[in-house]
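Here is the structure we will look at.
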Amino acid sequence: MSETKKFLYVNRKAPYGTIYALESLEVVLIGAAFEQEVSLAFIDDGVFELAKGQDTKGLGVKNFSPTYSALGDYDVTRIYVEKESLEERGLTLDDLMHLTYEDEDDDWAEKDSIHLVTRAELSKIMHEQDVLFDF
Amino acid sequence: MSILHVVNKSPYEKNSLEVCIGYYQDGDAILLIEDGVYAAMATGKFASALAGKDLNVLRADLSARGIADDKVVDGAKLVDYGGFVDLVGSHGKVQSWL
Amino acid sequence: MKLTIQVNEGPYQHEAADSAYNFAVAALEKGHEIFRIFFYHDGVNNGTRLTTPPQDDRNIVNRWSELAEKHNLDLVLCVAAAQRRGIVDADEMKRHGKDANNIAPGFRISGLGQLIEGAIQSDRLVVFGD
């Protein structure tokens with residue numbers, strides 16, 4: 001098998017207004033089976049995808065936000081949230097779902113998947129990737 | 001590894017170009033296509049933000065929109081789809097700022 | 001250069017399908033290999049054979065089919081996205097009890113794994129969307 005690649009899934013759109021957030025998540029879940037080095041980036045309105053307390057009953061559409069909590073089980077442990085995007089939207093990490101994974105190299109200790117990074121830091125991360133996915 | 005940043009939306013409509021510029025590093029290139037070419041108008045307010053960047057613009061999209069070569073910001077390289085392909089090859093990966 | 005192209009939008013509504021097509025043609029003219037063109041989100045609508053666009057403008061669907069035939073391209077419509085949007089081949093028609101199918105020649109319906117595989121096997125992934 002060829003060496004693994006570093007995949008970054010870039011999410012810049014809010015949930016529910018369009019389908020991109022949901023369908024990009026589906027790519028991540030299917031992609032997990034291919035055991036590449038996966039990271040997710042949430043920039044601009046993409047940060048809204050991770051907002052806690054989503055309740056879609058009044059809309060009659062499926063609430064897919066619980067799926068983000070399952071990402072840890074799919075070996076997605078690096079979820080980058082851009083600090084500037086969060087701040088310009090008046091949000092803090094407390095407004096986002098608490099996403100975690102169990103570190104098999106550390107006695108299955110529960111760790112945070114979300115990393116708050118500045119645009120400059122995320123740019124550096126983006127430049128280190130092999131493949132960038134956009135939706 | 002360098003990035004080819006492709007921006008296809010008008011900067012007057014979306015913030016994609018602005019965000020793109022925030023992620024741009026030396027060695028990268030920007031390619032404006034589709035409505036993204038409006039950013040390259042010399043008289044537009046985004047011309048200065050593009051200064052100093054390796055800026056490429058798809059000529060076919062400029063022509064379609066009635067933007068003549070001499071209306072494009074100085075320093076921009078006008079490319080055809082073949083040039084687009086070459087840019088993809090000469091940078092390690094592509095980031096489409098949709 | 002081995003390329004995988006992703007098309008996120010349907011024909012005519014957005015320029016994505018045109019940009020992707022013109023890019024693909026240019027890449028082939030330069031002797032590059034197109035590993036796969038993967039249609040996702042509304043991009044699956046590029047694969048219906050039932051469009052009747054005006055005669056004096058490009059026929060986006062037929063153009064894809066012809067390019068695929070000429071260069072033996074792999075045009076893949078994501079199955080989940082296609083199911084949501086009603087793009088159906090003979091197998092899907094049978095599987096889900098539909099009374100018709102509408103897939104255009106040169107396209108096939110398959111899973112998201114095809115996009116991931118494309119990204120792994122290719123030198124570059126180029127995404128066209130909105």
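Which residues, taken from the range B:47-72, are part of a helix (DSSP H, G or I) and under 15 Å from residue B:35 (Cα atoms)? Working first, answer last.
Going residue by residue through the range B:47-72, those that are part of a helix (DSSP H, G or I) are B:48-50, B:59-64, B:69-71.
Result: B:59, B:60, B:61, B:62, B:63, B:64.
Within the range A:17-49, restricting attention to residues that are buried (at least 18 other Cβ atoms within 10 Å of the Cβ) and aromatic (Phe, Trp, Tyr), the residue that is nearest to the other protein chains (Cβ to nearest Cβ) is A:20. Residues that are more than 10 Å from chain A (Cβ to nearest Cβ) and within 13 Å of residue A:43 (Cβ to Cβ) within the range B:6-20 comprise just one, B:20.
Report the residue count in the range B:60-81 for those that are within 14 Å of chain C (Cβ to nearest Cβ) and surrounded by 14 or more Cβ atoms within 10 Å (Cβ to Cβ).
Restricting attention to the range B:60-81, the residues satisfying the condition of being within 14 Å of chain C (Cβ to nearest Cβ) are B:60-65, B:79-81.
Restricting the remaining residues to those that are surrounded by 14 or more Cβ atoms within 10 Å (Cβ to Cβ) gives B:60-62, B:79, B:81.
Count: 5.
Residues in the range B:83-98 that are at the interface with chain C (Cβ under 9 Å from one of its Cβ atoms) and either in a helix (DSSP H, G or I) or touching a Gly at 6+ places or on another chain (Cβ under 7 Å) (or both) were compared, and the one that is farthest from residue C:34 (Cα to Cα) is B:98.
Here C:123, C:74, C:99 are screened, and the one residue that is out of contact with any strand residue (DSSP E or B) (no Cβ under 9 Å at 6 or more places or on another chain) and surrounded by fewer than 21 Cβ atoms within 10 Å (Cβ to Cβ) is C:99. Considering only residues that are under 18 Å from residue A:99 (Cβ atoms) and touching a residue at least 12 places away in the same chain (Cβ under 8 Å), look in the range A:52-69 and name the one that is surrounded by the most Cβ atoms within 10 Å (Cβ to Cβ). Top of the filtered list is A:68. The range C:65-130 holds strands (runs of 3 or more DSSP E) entirely within its bounds, and those carrying 3 or more residues that are within 14 Å of chain A (Cβ to nearest Cβ) map to C:75-78, C:124-128. Among the conditions (1) without any contact (Cβ under 8 Å) to a residue 60 or more places away in the chain; (2) within 23 Å of residue C:15 (Cα to Cα); (3) in contact with a Gly (Cβ under 9 Å, 6 or more places away or on another chain), residue B:64 misses just one, which is (3). Number of residues in the range A:103-135 that are away from chain B (no Cβ under 14 Å) and within 16 Å of the chain's Cα centre (by Cα) equals 6.
Each reported figure results from applying straightforward, stated rules to the coordinates on display, with no laboratory input. No experiment lies behind these values; they were computed from the predicted model shown. Virtual Cβ from ideal backbone geometry, glycine too; neighbours counted across all protein chains shown.
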